[in-house]
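Written below as structure tokens is the structure these notes are about.
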Amino acid sequence: MRIYGVTGWKDAGKTGLMERLVAEITRRGFSVSTVKHAHHAFDVDQPGRDSYRHRTAGASEVLLASGKRVALMQELRGAPEPSLEKLLGRLSPVDLILIEGYKRERHPKIEAFRKEPGNPLIAANDETVRAVASDTELTLDRPVFDLNDTQAIADFVLQEVGL
């Protein structure tokens, strides 16, 4: 399974870069799935909906299916957060899985970096960051791309994973 990450601090441009990379790489004919880490409680369900009612009644898993999509919600109910490896094992096979977040995991990644809000570069102390996509000039021991040069970043990621 080919995986590549996009990491960075809050407001660094990770989600925008992920969105552009998914669009560019799928435009080139590759299948892509994504994994996004959230550091806070989140809800993909809405109060009052049947699936929400099932989940809040105590179901461990709620599978919602239609002719357009399938969503599986799992409640941890005090269990530890599944590892990235276990989460990846739940995905259907694709050409590439792009991972947003998971700074501490050891997979290869590109760092999204904006001069503002003034956060330090993760790449300075993390060899798993193979390149940086930045809105400012940087001198590093690895490639630095313009944060908005999606084609060049996609070329780099695809070369890195052998696609």
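From the list E81, E111, E75, E116, the one residue that fits, being in contact with a helix residue (DSSP H, G or I) (Cβ under 7 Å, 6 or more places away or on another chain) and within 30 Å of G13 (Cβ to Cβ), is E111.
Only one of Q74, Q151 is polar (S, T, N, Q) and farther than 20 Å from H39 by Cβ. Can you tell me which? Break it down into steps so the answer makes sense when it comes.
Values: Q74 fails: farther than 20 Å from H39 by Cβ.
The unique qualifying residue is Q151.
Based on what the data block shows, is L96 touching a residue at least 60 places away in the same chain (Cβ under 8 Å) and in contact with a helix residue (DSSP H, G or I) (Cβ under 9 Å, 6 or more places away or on another chain)? Yes; evaluated as a whole, the condition is true for this residue. Only one of the listed residues (L64, L121, L140, L88) is surrounded by 13 or more Cβ atoms within 10 Å (Cβ to Cβ) and in contact (Cβ under 8 Å) with a residue 24 or more places away in the chain. That residue is L88. Of the set (1) open to solvent by 40 Å² or more (accessible area, probe 1.4 Å); (2) modelled with pLDDT under 95, all apply to R106 but (2).
The values are calculated or read from the model by the stated rules, or taken from the named source; none is laboratory data. The shown structure was predicted, so the numbers you read here are calculated from the model rather than taken from an experiment. Cβ atoms come from the backbone with ideal geometry, glycine included; neighbour counts cover every protein chain shown. With ligands, DNA and RNA removed, areas are computed over all heavy atoms of the protein, side chains included. Shrake-Rupley method; radii C 1.70, N 1.55, O 1.52, S 1.80 Å.
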